[in-house]
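Participant: One structure is given below, represented as C-alpha cells, and several questions about it will come after.
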Amino acid sequence: MYGGMLMKIKVDRRIAEAAVLGGAFFGGGGGGDLNLGLKHAKLAVELGEVVIVDVESVPKDKYIATASMVGAPAAKERYLLPAHAIKSTELFMNVAGVPLGGLISSENGGYSTINGWIQSALLGIPIVDAPADGRAHPTGVMGAMGLHKIPGYISVQTAVGGSKEKGRYVEAIVRGSLERAAKMIRETAVQAGGLVAVTRNPATPDYVKENAAVGALSQAIKVGRIIQENRSDVYQMIGEITEYLGAGKIIDSGKVEEVRLETRGGFDIGRIIVGGSTNTKYEVTFWNEFMTVEDSKGRRHGTFPDLIVMIDIQQGLPLTSADVKKGDKVVLVVIPREYLLLGAGVRDPEILKQIGEIVGKIR
C-alpha cells in the first residue's frame with residue numbers, strides 16, 4: 001500500500017522491459033531466458049491489460065495461485081509457447097476447485113518475473129506484487145512459500161509443454177503432497193523436452209502476505225529502471241543498484257575461462273571458472289542458479305540464497321548459467337541474503353541442505 005491507497009499498476013512496454021531487466025538481476029544465474037522474457041512481456045501487453053495489484057487488493061474469499069516455468073533452461077529439446085502457459089492456468093482453474101483472485105510468479109528472473117502475465121492479459125486475472133520468492137531458485141518446494149510444512153496440505157499442480165511435432169507434448173494434472181507433486185512436475189518437464197509451464201499451489205491472500213516476497217515485483221521494476229538508464233556503464237549501474245538495495249559489492253571482474261554444464265534430472269548443474277584480477281581465479285557453482293562463489297585462496301564470497309550475479313560487461317546485462325560462455329568478460333556481484341526479499345521456501349534450513357549434496361559444497 002502506498003499512502004493508504006491500494007496499488008494498481010497498468011503495465012506498459014517500458015514497465016514490462018524494466019520488470020524483465022530487473023528480474024534478470026534477481027535471477028542470480030537462473031530465472032529463465034531474458035530475451036524470451038522481453039518478447040513475452042511485450043506480447044502480454046499487446047494481447048490485453050496486465051494489471052499489477054498488491055496483496056490487500058485480492059478479496060479474502062478468493063485464492064492466489066503461483067505461475068511458474070519448471071525445467072532445465074539449457075535442455076536441447078525444450079519447447080514452450082504462450083499457449084502452454086494459458087492452457088496450464090485454464091486446467092488449474094478447472095481442477096483446483098477454488099475461486100482464483102490473482103496470480104503470483106514463483107520467483108524473480110529474466111523470464112520468471114513475468115510468469116502469469118500472458119494469462120493475466122487473456123484471462124483477466126490480476127498479477128499480485130508478491131512473488132513466492134524475490135530471487136530465483138532451483139526447486140519447486142523453494143517457491144512454495146512453506147506450504148509443504150502445513151500438515152495435510154494437498155498441492156494442485158498443472159503443467160503443459162513440449163512439441164507436438166516431436167511427440168513431446170504433455171499436459172499433466174497432479175494432486176498430492178507438495179514435495180511429491182513437485183517431483184512429478186519436474187519429471188513432466190523432462191518428458192516434455194526440458195521445460196513446462198506450471199500453475200500450482202492455491203493459497204489464501206493472508207497466507208501469501210505472510211510467506212511470499214511481498215513487493216519483490218515492484219522492486220524488480222525499480223532495479224530494471226536503473227539498468228535501462230545505465231547499461232553503457234556497468235559499474236555505475238551496479239553502484240546504483242547496491243545503493244538502492246542497501247548492500248552488495250563487486251567481488252571482481254575478469255574473463256570466463258571454463259564452463260562445465262550438464263543437464264541432470266531436469267536441472268542444469270555445473271561450475272564456471274572466472275579469471276579475475278591479480279592472478280585470482282573464482283569458481284562459481286550452479287544448480288540452475290549460482291549457488292556458491294569461492295576464490296582460489298579458498299575464501300567463500302557468497303552462498304545461496306545470497307544473490308550471486310554475473311554481469312556481461314559488453315552488454316550491460318545479467319547472465320544466466322545457461323548463457324555463460326568461455327571468453328565472456330564479466331563482473332561478479334554479491335548481494336547478501338539479509339537485503340533480499342525472500343519467500344519462506346528459501347528461508348528453510350532443511351531445504352537449503354540439498355545444495356551441498358547437489359553442487360558438492362559444504363554450506
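Participant: If R0 is 35 Å, what FRET efficiency do you get for residue 247 and residue 153 from their C-beta distance, rounded to 0.05? All intermediate terms of the calculation are to be shown ahead of the outcome.
Facilitator: Values: r = 34 Å, r/R0 = 0.98.
Efficiency, from the Cβ-Cβ distance: 0.55.
Participant: Give the residues of the stretch 249-288 whose amide nitrogen is closer than 14 Å to a point set 7 Å from the Cα of residue 36 in the direction of its Cβ.
Facilitator: 267-268
Participant: Would you mind working out the magnitude of the charge dipole of the chain relative to its Cα centre, with +1 at each Lys and Arg C-beta and -1 at each Asp and Glu C-beta, to the nearest 20 Debye? Walk me through the numbers on the way to the answer.
Facilitator: On the way: 42 positive and 40 negative charges, 113 e Å.
That gives a dipole near 540 debye.
Participant: Ok, one more. For every helix of n ≥ 4 consecutive DSSP H residues, a contribution of -39,500 (n - 2.57) applies; sum these over the chain, divide by its total residues, and give [θ] at 222 nm rounded to the nearest 500 deg cm²/dmol. Could you put the intermediate results ahead of the total?
Facilitator: Details: 9 runs with 109 residues, N = 363.
It lands at -9500 deg cm²/dmol.
Participant: Could you work out the relative contact order of the stretch 136-265? I mean the mean sequence separation of Cα pairs under 8 Å and 6+ apart, divided by the number of residues, in percent.
Facilitator: Working: 125 pairs, mean separation 26.0, N = 130.
Once normalised by length, the contact order is 20 percent.
Participant: Around residue 89, what is the net charge, scoring Lys/Arg as +1 and Asp/Glu as -1 over all other residues with Cβ under 13 Å from its Cβ? Walk me through the intermediate numbers first.
Facilitator: Values: positive: 87, 200; negative: 90, 171.
Charge balance near residue 89 sits at 0.
Participant: Given a 1.4 angstrom probe, I'd like the percentage of the accessible area of the chain that is carbon and sulfur, rounded to a whole number. Walk me through the numbers on the way to the answer.
Facilitator: Working: 7330 of 14680 Å².
The C+S portion of the solvent-accessible surface of the chain is 50 percent.
Participant: Here's something else I'd like to know. Using a ≥ b ≥ c from the Cα gyration tensor of the stretch 141-267 (square roots of the eigenvalues), is it rounded, prolate or oblate, where a/c under 1.5 gives rounded and otherwise the larger of a/b and b/c decides, a/b for prolate?
Facilitator: Details: a/c = 2.40, a/b = 1.44, b/c = 1.67.
Cα axes put the stretch 141-267 in the oblate bin.
Participant: Another question, then. With charges set only on the Cβ (+1 for Lys and Arg, -1 for Asp and Glu), what does the dipole of the stretch 163-214 come to about its Cα centre, in debye to the nearest 20? Display every interim value, and only then the final one.
Facilitator: Values: 9 positive and 6 negative charges, 43 e Å.
For the stretch 163-214, the charge dipole is close to 200 debye.
Participant: Same structure, new question: What does the extension gain come out to for residue 297 and residue 233, with contour length at 0.36 nm per residue minus their alpha carbon separation?
Facilitator: Length gained between residue 297 and residue 233: 20.1 nm.
Participant: Averaged per residue, what accessible area in Å² does the chain show with a 1.4 Å probe, protein chains only? Walk me through the intermediate numbers first.
Facilitator: Details: 14680 Å² over 363 residues.
Averaged over the residues of the chain, the accessible area is 40 Å².
Participant: OK, next. Residue 206 to residue 94: extension gain in nm, 0.36 nm per residue of separation minus the Cα-Cα distance?
Facilitator: Numbers: separation 112, 0.36 × 112 = 40.32 nm, distance 2.32 nm.
Contour length minus Cα-Cα distance gives 38.0 nm.
Participant: Report, in whole Å, the centroid distance computed from the Cα atoms of the stretch 185-253 and the stretch 290-335.
Facilitator: After rounding, the separation between the Cα centres reads 15 Å.
Participant: Separate question: List the relative contact order of the stretch 79-204 as a percent without decimals, with contacts defined as Cα pairs under 8 Å and 6+ residues apart.
Facilitator: Values: 223 pairs, mean separation 36.9, N = 126.
Computed value for the stretch 79-204: 29 percent relative contact order.
Participant: Indicate the gyration tensor shape class of the stretch 1-135 (rounded, prolate or oblate), computed on the Cα atoms with a ≥ b ≥ c the square roots of the eigenvalues: a/c under 1.5 is rounded; otherwise a/b larger than b/c is prolate and the rest oblate.
Facilitator: Details: a/c = 1.61, a/b = 1.23, b/c = 1.31.
It comes out oblate by the Cα gyration axes.
Participant: May I pose another question? On a 0 to 90 degree scale, rounded to 10, what angle separates helix 234-245 from the longest Cα axis of the chain?
Facilitator: Relative to the chain, helix 234-245 is tipped by roughly 50 degrees.
Participant: Still on this structure, please answer the following. State the extension gain, in nm to one decimal, for the chain segment bounded by residue 357 and residue 56, taking 0.36 nm per residue of separation less the distance between their alpha-carbons.
Facilitator: On the way: separation 301, 0.36 × 301 = 108.36 nm, distance 3.92 nm.
Going from the current span to full extension adds 104.4 nm.
Participant: Could you work out the relative contact order of the stretch 1-125? I mean the mean sequence separation of Cα pairs under 8 Å and 6+ apart, divided by the number of residues, in percent. Walk me through the intermediate numbers first.
Facilitator: Numbers: 194 pairs, mean separation 50.6, N = 125.
That works out to 40 percent.
Participant: According to the square roots a ≥ b ≥ c of the eigenvalues of the Cα gyration tensor, what is the shape class of the stretch 324-363, taking rounded for a/c under 1.5, prolate for a/b larger than b/c otherwise, and oblate for the remainder?
Facilitator: Numbers: a/c = 2.97, a/b = 1.45, b/c = 2.06.
Oblate is the answer for the stretch 324-363, as a/c is 1.5 or above yet b/c matches or exceeds a/b.
The values are calculated or read from the model by the stated rules, or taken from the named source; none is laboratory data. Quick caveat: nothing in here was measured; it's all calculated off a predicted structure. Neighbour counts are summed over all protein chains in view; Cβ atoms, including those assigned to glycine, are modelled from backbone coordinates with ideal geometry. Protein only, heavy atoms only, side chains kept; ligands, DNA and RNA dropped before computing areas. Shrake-Rupley method; radii C 1.70, N 1.55, O 1.52, S 1.80 Å.
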